[in-house]
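Comments concern the structure below.
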Amino acid sequence: MIDKKIVQHIADLSRLSLSDEETEEFAHQLASILGYVEQLDKVDTSNVEPTALVAPARDPLRQDEPTPSLPPDKLLQNGPKVKNGYFAVPKVINQ
Amino acid sequence: MTFLTEPAAGTAAQCRRGTVTARELVKRALDRIAAQDGALHAFISTQPEAALYRAEYLDKLPLAARESMPLFGIPVAVKDNIVTAGVATTCASKILENFVPPYDATVVEALVAAGAVIVGKTNLDEFAMGSSTENSYFGATRNPNNPDHIPGGSSGGSAAAVAAGMVPLALGSDTGGSIRQPCCHCGCVGLKPTYGRVSRYGLVAFASSLDQIGPIASDVRDIGLLLSVLSVPDKRDSTCAGKQFTDSDDLYAGAVNGLAVGVPKEYFAQGLSPEVRGPIESLLARLAQAGCKTVPVSLPNLGYGIATYYIVCTAEASSNLARYDGVKYGYRSANPKSLIDMYRTTRREGFGAEVKRRIMLGTYVLSSGYYDAYYLKAARVRTLIARDFDNAFTQCDAVVSPVAPAPAFRIGEKCNDPLQMYLTDIYTVSANLAGIPGISVPCGKADGIPVGVQFMAPKWREDTLLKLGFATQELTKSKQLG
């Protein structure tokens, strides 16, 4: 059963903070969607392999050769906060 | 001649010869966008100056250099989840509102190499999550046939831009019907290629095992032309099979004699509106007169498509969207208290409701204790759905189906019930789960709103879809005019 406590736990795992109204709404909506998908229980899947990806039978291999890549300054251009050529984030370690 | 509503192949040929300039074509597209897009909102952004600059560059190219450019001078719109170097790519999300990619997607490089001119980036449901283009941070797109109705989604901007004659060609992406369904609702043609046909490099990932980029056009022949351009081999996407599509006039000779079209009884069961059933049944009768064989087939696991799809796609989305953390690009919440707080508030403020809902659902089905019951179970049913198609294709060359259960609904009609919205994807999600190609072609109208038909074929048989699609286009032409 999906209750507000589970929704809060999932939000934590998802790194989302939710308002009380959102928590309430998601509890209701997720319960409805999960109730619907439970119909899969009726399908006999014993001896059926799962499909994660419909793709070529073998991953293609290539030579391990250096090729040009984007310069750091171009990649840093979109950083919301950049300092001394690095992405800056709030302090993680307190002494 | 407006050029914008005529087959692009012919227009490009005229432009190569110099009968019309690229500048003239691009100017016409930009004028039409300026005149219409205030009401339709198909575009998130346009790049008029860059487009005209590029058109002028093309006009200076010597004739010999133009020969290898099948889309020479053609204005094209690109869905705003496909990255364009130096041009904002927002995914219709606040979290990427100011993201300016430093590189081009492979398909964008391919368009440029083919001589096309990108005029703008089109609207979509945020991160392509939706079936109506109502979930855009920048506001909904409207259906050009009736602005009170949705254009479909998630590639609603691209479909509306083509259907309204703003551009002859556009790119969309299709994870569970996001090309085919808006084309059906707007009245244009859209193809979801075989998984692995078109490189996904530079397509912002939603559900990586389902996503494909594909062509949108007014004319079936342009779908083949554009697919041949888009399907360039690409080492940067390990799922790109390197099977470039070869277009051929033979596909458009109208000969469907001897082709066997499978009619799955499950697709025409209850839940299908008579407004959709009517035009498809009348089309099937015409195809039979033209020499097609119709064969009854069965896809017994069809009914499980939606449940399977919404587990698989949300699981993949929750993983793919973990990258939006406010560190490397995009929006970051102001004044976070800590690193974790920064992640949480950035994502709370940056994502819209549907995206959050799918991240939550995906996280749930992948979480400890639920993985086997939900994700793994869905992955096994996915195998059965793919097998159903394999079995059907032993009896037929293609399977016919509706694209959507009813014509485009009114804006706002299904906004409050996500499950009701998901259920409208019933006819399109299976092709993504099975990795097979599907085409959506207009075949009639109901109260002025277009109705489409879908054909699906075995992997790599887009040629069959184009044959059937062209025959559909020809057989329903007179009817649509009347």
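The values are calculated or read from the model by the stated rules, or taken from the named source; none is laboratory data. Every value quoted in this text rests on a predicted model; they were computed, and no experiment measured them. When we count neighbours, we look across all protein chains shown, and the Cβ atoms used for this are built from the backbone with ideal geometry, even at glycine. Note: areas computed on protein heavy atoms with side chains; ligands, DNA, RNA excluded. Shrake-Rupley method; radii C 1.70, N 1.55, O 1.52, S 1.80 Å.
Listed residues B:274, B:300; which is within 14 Å of another protein chain (Cβ to nearest Cβ) and closer than 30 Å to residue B:419 by Cα?
Working: B:274 fails: within 14 Å of another protein chain (Cβ to nearest Cβ).
None of the others qualify; the one that does is B:300.
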Next item on the list: Write out, first by first residue and then by second, each pair whose Cβ atoms fall under 6 Å of each other, whose residues are 6+ apart or on separate chains, and whose first residue, in segment B:431-443, is away from every other protein chain (no Cβ under 14 Å) and in contact (Cβ under 8 Å) with a residue 40 or more places away in the chain while the second is open to solvent by less than 10 Å² (accessible area, probe 1.4 Å) and of a type in the set (Phe, Trp, Tyr).
Entry: B:439/B:455
Notebook entry, point to check: Which of the residues that make up segment A:1-24 are more than 9 Å from every other protein chain (Cβ to nearest Cβ) and touching a residue at least 24 places away in the same chain (Cβ under 8 Å)?
Noted result: A:1, A:3
Next item on the list: Pick out the one residue from B:157, B:115 that is over 16 Å from the mean Cα position of the chain (by Cα) and open to solvent by less than 10 Å² (accessible area, probe 1.4 Å).
Entry: B:115
Notebook entry, point to check: Considering only segment B:382-402, how many residues are within 22 Å of residue A:55 (Cβ to Cβ) and either within 14 Å of chain A (Cβ to nearest Cβ) or among the polar types (S, T, N, Q) (or both)?
Noted result: 10
Notebook entry, point to check: Out of (1) open to solvent by less than 40 Å² (accessible area, probe 1.4 Å); (2) assigned to a helix (DSSP H, G or I); (3) more than 30 Å from residue A:60 (Cα to Cα); (4) not charged (D, E, K, R), the odd one out for residue B:314 is which?
Noted result: (3)
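Restricting to segment B:423-450, name every residue that is under 14 Å from residue B:404 (Cα atoms) and over 17 Å from the mean Cα position of the chain (by Cα). Walk me through how you get there before you give the answer.
Taking segment B:423-450 and keeping what is under 14 Å from residue B:404 (Cα atoms), we get B:423-431, B:438-446, B:449-450.
If the condition is that a residue be under 14 Å from residue B:404 (Cα atoms) and over 17 Å from the mean Cα position of the chain (by Cα), then B:423, B:443, B:444, B:445, B:446, B:449 are the ones that fit.
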Next item on the list: State the number of residues belonging to segment B:227-261 that are part of a loop (DSSP other than H, G, I, E, B), touching a helix residue (DSSP H, G or I) at 6+ places or on another chain (Cβ under 9 Å) and over 18 Å from residue B:460 (Cβ atoms).
Entry: 5
Notebook entry, point to check: When residue B:323 is evaluated against the numbered criteria (1) within 7 Å of another protein chain (Cβ to nearest Cβ); (2) open to solvent by 30 Å² or more (accessible area, probe 1.4 Å), which criterion, by number, is the only one it fails?
Noted result: (1)
Note to self: I need a count of the residues in segment B:431-451 that are among the charged types (D, E, K, R) and part of a strand (DSSP E or B).
What the structure shows: 1
Margin query: Can you tell me how many residues within segment B:326-360 are of a type in the set (S, T, N, Q) and either more than 7 Å from every other protein chain (Cβ to nearest Cβ) or surrounded by 23 or more Cβ atoms within 10 Å (Cβ to Cβ) (or both)?
Written below: 3
Next item on the list: Residues being in a helix (DSSP H, G or I), more than 7 Å from chain B (Cβ to nearest Cβ) and farther than 26 Å from residue B:326 by Cβ: count how many of those fall in segment A:25-60.
Entry: 8
Check: In segment B:428-463, which residues are open to solvent by less than 10 Å² (accessible area, probe 1.4 Å) and among the aromatic types (Phe, Trp, Tyr)?
Finding: B:455
Next item on the list: Scan segment B:316-332 for residues that are in contact with a Lys or Arg (Cβ under 8 Å, 6 or more places away or on another chain), of a type outside the set (Gly, Ala, Ser) and farther than 12 Å from residue A:15 by Cα and report the count.
Entry: 2
Check: What do you reckon, is residue B:145 under 19 Å from residue B:440 (Cα atoms) and open to solvent by 10 Å² or more (accessible area, probe 1.4 Å)?
Finding: yes
Next item on the list: Go through (1) within 21 Å of residue B:109 (Cβ to Cβ); (2) touching a Phe, Trp or Tyr at 6+ places or on another chain (Cβ under 6 Å); (3) surrounded by fewer than 24 Cβ atoms within 10 Å (Cβ to Cβ) and name the single condition residue B:231 misses.
Entry: (3)
Note to self: Could you check segment B:366-400 and list, in sequence order, the residues that are open to solvent by less than 10 Å² (accessible area, probe 1.4 Å) and either farther than 18 Å from residue B:295 by Cα or among the hydroxyl-bearing types (Ser, Thr, Tyr) (or both)?
What the structure shows: B:378, B:379, B:381, B:382, B:385
Next item on the list: From B:428, B:394, grab the single residue that is farther than 24 Å from residue B:154 by Cβ, at pLDDT 95 or above and hydroxyl-bearing (Ser, Thr, Tyr).
Entry: B:394
Notebook entry, point to check: Any idea which of B:71, B:25, B:30, B:111 is touching a Gly at 6+ places or on another chain (Cβ under 6 Å) and assigned to a helix (DSSP H, G or I)?
Noted result: B:25
Next item on the list: Could you look through segment B:397-425, keep only residues that are at pLDDT below 95 and not in a loop (DSSP other than H, G, I, E, B), and pick out the one that is nearest to residue A:32 (Cα to Cα)?
Entry: B:419
Check: Would you call residue B:463 under 19 Å from the mean Cα position of the chain (by Cα), part of a helix (DSSP H, G or I) and charged (D, E, K, R)?
Finding: yes
Check: What are the residue pairs meeting all of these: first residue in segment B:410-423, first residue more than 14 Å from chain A (Cβ to nearest Cβ), second residue open to solvent by 60 Å² or more (accessible area, probe 1.4 Å), Cβ atoms under 6 Å, and 6 or more apart or on different chains?
Finding: B:410/B:148
Notebook entry, point to check: What number of residues within segment B:265-309 are open to solvent by less than 40 Å² (accessible area, probe 1.4 Å) and outside any helix (DSSP H, G or I)?
Noted result: 9
Notebook entry, point to check: Which ones in segment A:75-92 are facing chain B (nearest Cβ under 10 Å) and either assigned to a loop (DSSP other than H, G, I, E, B) or surrounded by fewer than 12 Cβ atoms within 10 Å (Cβ to Cβ) (or both)?
Noted result: A:77, A:78, A:79, A:80, A:81, A:88, A:89, A:90, A:91, A:92
Notebook entry, point to check: Only one of B:77, B:92 is away from chain A (no Cβ under 13 Å) and either at pLDDT below 95 or not in a loop (DSSP other than H, G, I, E, B) (or both); which?
Noted result: B:77
Check: What's the number of the condition residue B:69 fails, among (1) hydrophobic (A, V, I, L, M, F, W, C); (2) under 30 Å from residue B:413 (Cα atoms); (3) open to solvent by 10 Å² or more (accessible area, probe 1.4 Å)?
Finding: (2)
